[in-house]
Amino acid sequence: MALTENRKEKGAETAAVPPNGPAVRRRTRPDPAARSRGGQRFILVGLVLASAYSLFPVYWLIIAATKDRVGLYQSNGLWFSGFHLWENLQQVFTYEDGIFLRWTANSFLYAGVGSLGGTLIALLTGYGLARFDFPGRGVVFAAVVGSFLIPIALLTLPLYLMFSEIGLVDTPWAMLIPCLINPFSVYLAKVYTEATIPFELLEAARIDGAGELRIFFSIVLRMMTTGGATVFLLAFVNTWNAFFLPLTVLRGEENWTLNLGLYNWSGKRLESGIDVTSLVLTGALLSIIPMAIMMVAMRRYWRSGVTLGALK
Amino acid sequence: MIRSLRWKGAAFTVPFQLGFVFLYLLPIGYAVYQSLYLQKQSGLGLGGATREFVGLENYQQGLTDSAFMTSILRVVLFACVQIPFMLLISLVLALLLDAVTSKVAGRFRILLLVPYMIPGVVAAIVWVNLYSPEVGPLTPLGELFGFDWNFFAPSMVWPAIGNLLTWHGIGYNMVIIYAALQGVPRELFEAARLDGASEMRIALSIKIPFVRGALVLTALLSIIQMLQIFNEPALFRNVTPQTVSDSFTPIMIIYNQAFNAGNYHYAAALSVLLALILGVASFVFYRLTSREVD
């Protein structure tokens, strides 16, 4: 099921590129929905309204990031009032000795290095599960799927206690180590292996005398570039968005992630009465940018990953 | 398969298995173990704390803890409203996308996915500020149309969080349902049209039944997420602690028991209970819906 869905999705994706693809076929097809102008207009209005709902908060955030404090509280929220984006940026980057930059670097470190390691382990495991038949394989796969249901609190609290026993709490390791083991990545890697690595190829390599490790690193890994990129991207996004784990295992500000820092800033007003709303909003806008760039640049990977992950 | 090859294959999964034991099995075992003990003060608190084996006492306390049970009920009730609402919108949007050319669909799909690209904490920060009567545009906008709404009032806080979750989730769910729709054999539509079926009829009688599996799956994922909701209420609590208490959702209670009350043993028992409830809920939901499909 997953394989056919994936191919269909990919097929639709590539077919949409040539101008004489399905768009034309659709037009020549006697499609009553397309013929009735009213119906089509109704559909477009619906989509435009939904898009407006999706984009409105982002639009507002962009405008709010250009205002100074007075403008934020007193001007019309839907339109610009003075242009103070540069001052706001400067404030964000210099506040508390530039801790925001530190948080950004931390987020990149945890998400980048953690996901890279996690992806490699997931590819190894997915390949092992998909292309070898060993005793206990079913148990490993059942553990992978079963762990989707385990609530974060059940894992995070004891993990915190264990990490504090061995002195890992409040160090980058407390974030990096949990990223290495990601059952969902393993699941994806297994599905991708099944779709891209034929048994015959492995047989041929073995007959030529290649060792198993060599086969994996010089053949399998190369053929799995697309699958690996998808696994990496989804793991990266997951770690970048994480909140409960960093909140639990990181205490000192210098190890925090962007999310944790922004959460703390947004609570400041209540705690100490200092209003840092414009800092929070400008920081929030900044924290979206890397995610947006990455997702747009790699959209064909993550979309197939999202749908594949869902349609088992 | 040759015997030596089997073991080489198993070797590929060893790093994961070791990690899984260390990061999943061991913590769960540790949580269960911790949940059977209790920190007790001896001698008027002067003699230091001792750990005492209490068996299932923590679980008994958890099951009769009205704050914990209320928080679960609160989240479940909320899920019963928000999830169907969100999935209905996602389904309608997927059907709309399916009715336009693939070029137009591609453009709208990206726009509708913008919220999904935004981290949950940032999404909550943005909406909390949109709702804020001081900086947000929604309060003056409401006044313009004669509404006097306060999003942080007790009666409005769930709708406010519900809107945030819906905004964040429709794109993702829409993509999954839309992908399933692409799998419907197109000949079915032709046949139905020749028989004189309207587009609406085709959507109701062919498309929706066909994507039922995707709907069940998105619902299941949403239920699992909802029972563990934490980020959004935590952010709301930052601005309106009088409405969003620190025992608003089950995970908030667990977090507070562990880190504010310092009661790890009880927190461990509560998280085991939550895991059991989650497992049962998913199983029951899956059973109910898959039986209907058969």
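Tallying residues that are open to solvent by 30 Å² or more (accessible area, probe 1.4 Å) and either within 7 Å of chain A (Cβ to nearest Cβ) or not acidic (Asp, Glu) (or both) within the range B:132-150 yields 10.
The set of residues in the range A:248-261 being more than 19 Å from the chain's Cα centre (by Cα), of a type in the set (A, V, I, L, M, F, W, C) and assigned to a helix (DSSP H, G or I) consists of A:249 alone.
Which of the residues spanning the range B:230-257 are within 11 Å of chain A (Cβ to nearest Cβ), open to solvent by less than 10 Å² (accessible area, probe 1.4 Å) and under 20 Å from residue B:167 (Cα atoms)? Correct list: B:234, B:235, B:236.
Just to verify a result, which residue in the range B:123-149, among those that are of a type in the set (Asp, Glu) and farther than 18 Å from residue A:279 by Cα, is nearest to the chain's Cα centre (by Cα)? Filtering first and then ranking leaves B:148. Of all residues in the range B:178-221, those that are touching a residue at least 24 places away in the same chain (Cβ under 8 Å), hydrophobic (A, V, I, L, M, F, W, C) and either open to solvent by 60 Å² or more (accessible area, probe 1.4 Å) or more than 9 Å from every other protein chain (Cβ to nearest Cβ) (or both) total 10.
Restricting A:129, A:78 to residues that are farther than 30 Å from residue B:10 by Cβ and at the interface with chain B (Cβ under 10 Å from one of its Cβ atoms) narrows the list to A:78.
For the range A:40-52, does any single residue satisfy the condition of being hydroxyl-bearing (Ser, Thr, Tyr) and either open to solvent by less than 30 Å² (accessible area, probe 1.4 Å) or in a helix (DSSP H, G or I) (or both)? So far as the range A:40-52 goes, yes, one or more of its residues are hydroxyl-bearing (Ser, Thr, Tyr) and either open to solvent by less than 30 Å² (accessible area, probe 1.4 Å) or in a helix (DSSP H, G or I) (or both). The single condition among (1) touching a residue at least 24 places away in the same chain (Cβ under 8 Å); (2) under 30 Å from residue B:255 (Cα atoms); (3) open to solvent by less than 70 Å² (accessible area, probe 1.4 Å) that residue A:108 does not meet is (3).
Being touching a helix residue (DSSP H, G or I) at 6+ places or on another chain (Cβ under 7 Å), more than 7 Å from chain A (Cβ to nearest Cβ) and assigned to a loop (DSSP other than H, G, I, E, B), is that true of even one residue in the range B:35-50?
Pass one, the range B:35-50, residues touching a helix residue (DSSP H, G or I) at 6+ places or on another chain (Cβ under 7 Å): B:35, B:37-39.
Imposing the further condition that a residue be more than 7 Å from chain A (Cβ to nearest Cβ) reduces the set to B:35, B:37-39.
With the extra rule that they be assigned to a loop (DSSP other than H, G, I, E, B), the set shrinks to B:35.
Within the range B:35-50, one or more residues are touching a helix residue (DSSP H, G or I) at 6+ places or on another chain (Cβ under 7 Å), more than 7 Å from chain A (Cβ to nearest Cβ) and assigned to a loop (DSSP other than H, G, I, E, B).
Residue A:164 fulfils the conditions (1) in contact with an Asp or Glu (Cβ under 9 Å, 6 or more places away or on another chain); (2) buried (at least 23 other Cβ atoms within 10 Å of the Cβ); (3) not charged (D, E, K, R) except for a single criterion, (2). None of B:64, B:70 is more than 9 Å from every other protein chain (Cβ to nearest Cβ) and closer than 17 Å to residue B:263 by Cβ except B:64. Kindly check whether there is at least one residue in the range B:272-281 that is modelled with pLDDT of 90 or more, in a helix (DSSP H, G or I), in contact with a Gly (Cβ under 7 Å, 6 or more places away or on another chain) and of a type in the set (A, V, I, L, M). Yes, that holds for at least one residue.
Considered as a group, the residues in the range B:102-121 that are over 20 Å from residue A:52 (Cβ atoms) and assigned to a helix (DSSP H, G or I) include one that is most open to solvent (accessible area, probe 1.4 Å), and that residue is B:103. Residues of the range A:141-151 that are open to solvent by 20 Å² or more (accessible area, probe 1.4 Å), assigned to a helix (DSSP H, G or I) and at the interface with another protein chain (Cβ under 10 Å from one of its Cβ atoms): A:141, A:143, A:146, A:148, A:149. Which of the residues spanning the range A:280-293 are more than 9 Å from chain B (Cβ to nearest Cβ) and over 17 Å from residue A:96 (Cβ atoms)? Those that are more than 9 Å from chain B (Cβ to nearest Cβ) and over 17 Å from residue A:96 (Cβ atoms): A:289, A:290, A:293. Among the candidates A:245, A:262, A:250, A:234, the residue that is closer than 23 Å to residue B:232 by Cβ, touching a Ser or Thr at 6+ places or on another chain (Cβ under 6 Å) and aliphatic (A, V, I, L, M) is uniquely A:245.
Matching residues to (1) more than 10 Å from chain B (Cβ to nearest Cβ); (2) open to solvent by less than 30 Å² (accessible area, probe 1.4 Å); (3) at pLDDT below 90:
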position	(1), (2), (3)
A:67	no, yes, yes
A:87	yes, no, yes
A:114	yes, yes, no
A:125	no, yes, no
A:139	no, no, no
A:174	yes, yes, no
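Out of all the residues in the range B:53-71, is one or more surrounded by fewer than 19 Cβ atoms within 10 Å (Cβ to Cβ) and part of a strand (DSSP E or B)? Looking for residues that are surrounded by fewer than 19 Cβ atoms within 10 Å (Cβ to Cβ) and part of a strand (DSSP E or B), one finds at least one in the range B:53-71, hence yes.
Considering only residues in the range B:94-109 that are among the basic types (Lys, Arg) and more than 8 Å from every other protein chain (Cβ to nearest Cβ), the one that is nearest to residue B:173 (Cα to Cα) turns out to be B:109.
Residues of the range B:162-176 include at least one that is at the interface with chain A (Cβ under 8 Å from one of its Cβ atoms) and open to solvent by 10 Å² or more (accessible area, probe 1.4 Å).
Name the one entry in A:259, A:241, A:264 that is open to solvent by 10 Å² or more (accessible area, probe 1.4 Å), within 7 Å of another protein chain (Cβ to nearest Cβ) and at pLDDT 90 or above.
Result: A:241 is the single residue among A:259, A:241, A:264 that is open to solvent by 10 Å² or more (accessible area, probe 1.4 Å), within 7 Å of another protein chain (Cβ to nearest Cβ) and at pLDDT 90 or above.
With respect to being on the phi < 0 side of the Ramachandran plot and more than 10 Å from every other protein chain (Cβ to nearest Cβ), residue B:273 falls outside the description. The set of residues from the range B:1-19 being part of a helix (DSSP H, G or I) and open to solvent by 20 Å² or more (accessible area, probe 1.4 Å) comprises B:3, B:4, B:6, B:7, B:8, B:11, B:14, B:15, B:17, B:18. Residues in the range B:258-294 that are open to solvent by 60 Å² or more (accessible area, probe 1.4 Å), aliphatic (A, V, I, L, M) and farther than 18 Å from residue B:37 by Cα: B:276, B:280, B:284, B:288, B:293.
Would you check if residue B:129 is surrounded by fewer than 21 Cβ atoms within 10 Å (Cβ to Cβ) and not hydroxyl-bearing (Ser, Thr, Tyr)? Taking the combined requirement at face value, the residue does not satisfy it.
Of everything listed in (1) in contact with a Ser or Thr (Cβ under 7 Å, 6 or more places away or on another chain); (2) within 30 Å of residue B:266 (Cα to Cα), the single unmet condition for residue B:135 is (2).
The values are calculated or read from the model by the stated rules, or taken from the named source; none is laboratory data. Note that this is a predicted model, so its numbers are computed, not measured. Don't worry about glycine lacking a Cβ; one is built from the backbone with ideal geometry, like all the others, and counts go over all protein chains shown. For accessibility, only protein heavy atoms count, side chains too; no ligands or nucleic acids. Shrake-Rupley method; radii C 1.70, N 1.55, O 1.52, S 1.80 Å.
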